[in-house]
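Taking it in order: structure first as structure tokens, then the write-up.
The values are calculated or read from the model by the stated rules, or taken from the named source; none is laboratory data. The shown structure was predicted, so the numbers you read here are calculated from the model rather than taken from an experiment. As a convention, Cβ positions derive from the backbone with ideal geometry for all residues, glycine included, and neighbour counts pool all protein chains shown. When the accessible area is computed, the model is the full protein with side chains, heavy atoms only, and any ligands, DNA or RNA have been set aside. Shrake-Rupley method; radii C 1.70, N 1.55, O 1.52, S 1.80 Å.
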Amino acid sequence: MTTYNRRNLLKLAAGAGAASFLAACAGPGGDSGTKAEAGGDLSFAHWRAEDKEVFEQIIAEFQKTSSLKIRQDISPSNDYQSTALQKLRGGTVGDAFTAFRGAQFLDIAKAGVSTDLTGQAFLSRYEPSLITAGATEGKQYGVPYQLVFNTPLANTDLISKAGLGEAPKDWQGFLALADKLKSQGVAPIAWPGGDAANAGQLLNVLVVNNAPTDDALGKIETGEYKVTDDWFLTVLKQYAELRPYFQDSATGTSSDAALALFAQGKAALLATGSFQVAGVRKLGATFPIDLLAPITTTADKAKYEGVFNATFILGVNAKSAKQDQARAWIGHLSDPAVAGVYANGTSQHVTVKGVEYTNPDLKALAPWLTKKTALAPRFQFTNLDIRGAVENATVAVAGGKSPEQAAEEAQKVVDQKR
């Protein structure tokens, strides 16, 4: 697993200049599939509906100097996770597309749907250490565009009212904070337990300091570790300890409902990540936002302060007849000025070098660029059935099942799917 310390992230910030730092997320297949006709719009497939307006602005500027017409094909993240490969294989959707880091990116590449981008000039515009998630078998099949923090969002007004001067440095301190928040009549944690795509974000921060190795979740998939191991039982037991601090009916709560709860000031933490800051603002929230990760160990045993991810991997569809146009679109997005429009308009840090961050929320979260954070571990899984079994165990425990029973049931699925 990649870890970012102060030196690594200062290097990233330096690429944008001092001002921006201070201102500153299937099996193998052949060539089968029908290629789309070269005429018509270029389809850009992704899952971030909240970014639609900003992309429309970028598209409008792009089309002032290009005859290429670009259409956004947007699916909900859950649907995109499960159906994107099938749609991309047809070549009519996603001439240019995005992929989640981990299993989906690897499946698309193995299926022969991703075009090799190795050697493309626009790659030089990216921080090399942040685009490794878009490479496999020595070739660059995609470019991670977002630098996000898969660490709970915090309403710092509510946290301050609870009397907290700084983030808790251990598990008992986090539970004490949750008690204080609950006594104020707010839900300490809004958790979208009913949305598989986002319910698992909390797993990232509960795993990184409990895991015996940085690649522990990946080793569950290979069989070297088990869901029933003591370290993962500790994770599940901590989900059980968090039950009183989630909102009512947490295991059935959608991502939109959890987002609204947090945006309305009815929850102090939103257990997803910085990729939802723009959504919070769109709902009218004006309170200051920071990140706050539960430290799951004693302070002396904590290795990481939070979690980051490099995702929203841009790719070119090998089944498309518009590959040159798709590369041109990705090249345009790779321009630092254009990437800055995206970043500041969506409250997302990006992996492009030389971007100037002016968004107030990006400025507020800039200190996280220098904290010791771990690359989000839930994306170590390459088998989505196994990942689902492990994540479902956490939801089951949050819903009342014993950690031991949930672990046993999940391990049976892991053994069957390996």
Kirkwood Rh over alpha-carbon pairs of the range 236-348, then Stokes-Einstein at 25 °C and 0.890 mPa s: what D in µm² s⁻¹, rounded to an integer? 139
Run the simple label-point estimate for residue 169 and residue 297 please: 7 Å along Cα→C-beta, distance reported in nm. 1.5
Full-extension gain in nm, residue 323 to residue 231, via 0.36 nm per residue minus C-alpha separation: 28.5 nm
Rounded to whole Hz, the Karplus (6.51, -1.76, 1.60) HN-Hα couplings of the range 44-54, x for glycine and proline: 10, 9, 7, 10, 9, 4, 5, 9, 4, 5, 5
Could you sort the peptides 126-135, 195-204 by per-residue average Cβ neighbour count (10 Å cutoff), highest mean leading? 195-204, 126-135
Under 21 Å from the Cα of residue 182, which lysines turn up, not counting those fewer than eight places away in the same chain? 161, 169, 237, 266
Skipping prolines and chain starts, which residues have an amide H placed within reach, meaning under 5 Å, of the one on residue 291, given they are 5 or more residues away or on another chain? 154
Roughly how far apart, in whole Å, are the Cα centres of the range 378-418 and the range 100-168? 24
Need one word for the range 300-392: rounded, prolate or oblate. Basis is the Cα gyration tensor (sqrt eigenvalues a ≥ b ≥ c); a/c below 1.5 gives rounded, then a/b vs b/c decides. oblate
Mind listing the long-range amide H neighbours of residue 306? Cut-off is under 5 Å, sequence gap 5 or more, other chains count too, H placed in the peptide plane at 1.01 Å from N. 374
Potential extension, residue 160-residue 136 segment - 0.36 nm per residue separation minus Cα distance: 4.2 nm
Give the percent of DSSP beta bridges with both residues in the chain that are antiparallel, rounded to the nearest 5. 60
Per-residue accessible area for residue 282 at 1.4 Å probe radius, Å² rounded to 10? 120
Residue by residue through the range 111-122, the couplings from Karplus 6.51 cos²θ - 1.76 cosθ + 1.60 with θ = phi - 60°, in Hz, x for Gly and Pro, are 7, x, 9, 8, 7, 5, 9, 3, x, 5, 4, 5
Normalised by the residues of the range 303-402, what does the relative contact order come to in percent, with Cα pairs under 8 Å and at least six apart? 32
Using the Cβ atoms and a cut-off under 15 Å, what net charge is assigned to the surroundings of residue 138, where Lys and Arg are +1 and Asp and Glu are -1? 0
If packing is taken as the mean number of other Cβ atoms within 10 Å per residue, what is the order of 61-71, 242-252, 106-116, highest first? 106-116, 242-252, 61-71
Residue 140 long-range amide H proximity, modeled H, under 5 Å: 117, 118
Below 11 angstrom from the Cβ of residue 368, what's the summed charge of the other residues (Lys, Arg +1; Asp, Glu -1)? 0
Using a ≥ b ≥ c from the Cα gyration tensor of the range 159-209 (square roots of the eigenvalues), is it rounded, prolate or oblate, where a/c under 1.5 gives rounded and otherwise the larger of a/b and b/c decides, a/b for prolate? oblate
Straight-line reach only, C-alpha to C-alpha below 28 angstrom: list the lysines that residue 110 could link to, leaving out same-chain residues fewer than 8 apart. 35, 87, 139, 219, 226, 319, 322, 412, 417
Candidate values [x] 60, 50, 37; [y] 61, 47, 40; [z] 61, 53, 42, label of the one derived for Cα extents along the principal axes in Å: [x]
Contact order relative to length for the range 210-361, counting C-alpha pairs under 8 Å separated by 6 or more residues, stands in percent at 15
Please work out how much accessible surface residue 169 shows to a 1.4 Å probe, ignoring ligands, DNA and RNA, in Å² rounded to 10. 120
From DSSP H assignment alone, runs of 4+ in the chain each adding -39500 (n - 2.57), the sum over residues rounded to the nearest 500 puts [θ] at 222 nm at -12000 deg cm²/dmol
So for the range 246-336, averaging the separation of alpha carbon pairs under 8 Å that are six or more residues apart and normalising by length, what relative contact order in percent results? 16
Once phi for every residue in the range 271-283 is put through the Karplus expression 6.51 cos²θ - 1.76 cosθ + 1.60 (θ = phi - 60°), the whole-Hz ³J(HN,Hα) values, with Gly and Pro written as x, are 7, 10, x, 5, 5, 9, 4, 4, x, 5, 5, 5, 7
Per the rule of 0.36 nm per residue minus the C-alpha distance, extending residue 286 to residue 249 adds in nm 10.7 nm
For a protection proxy built on the mean count of beta-carbon atoms within 10 angstrom, sort 140-150, 390-400, 298-308 highest first, please. 140-150, 390-400, 298-308
Estimated FRET transfer efficiency (residue 66, residue 213; beta-carbon r; R0 35 Å; 0.05): 0.15
I'd like the accessible area for residue 41, computed on protein heavy atoms only with a 1.4 Å probe and all protein chains in place. Round to 10 Å², please. 70
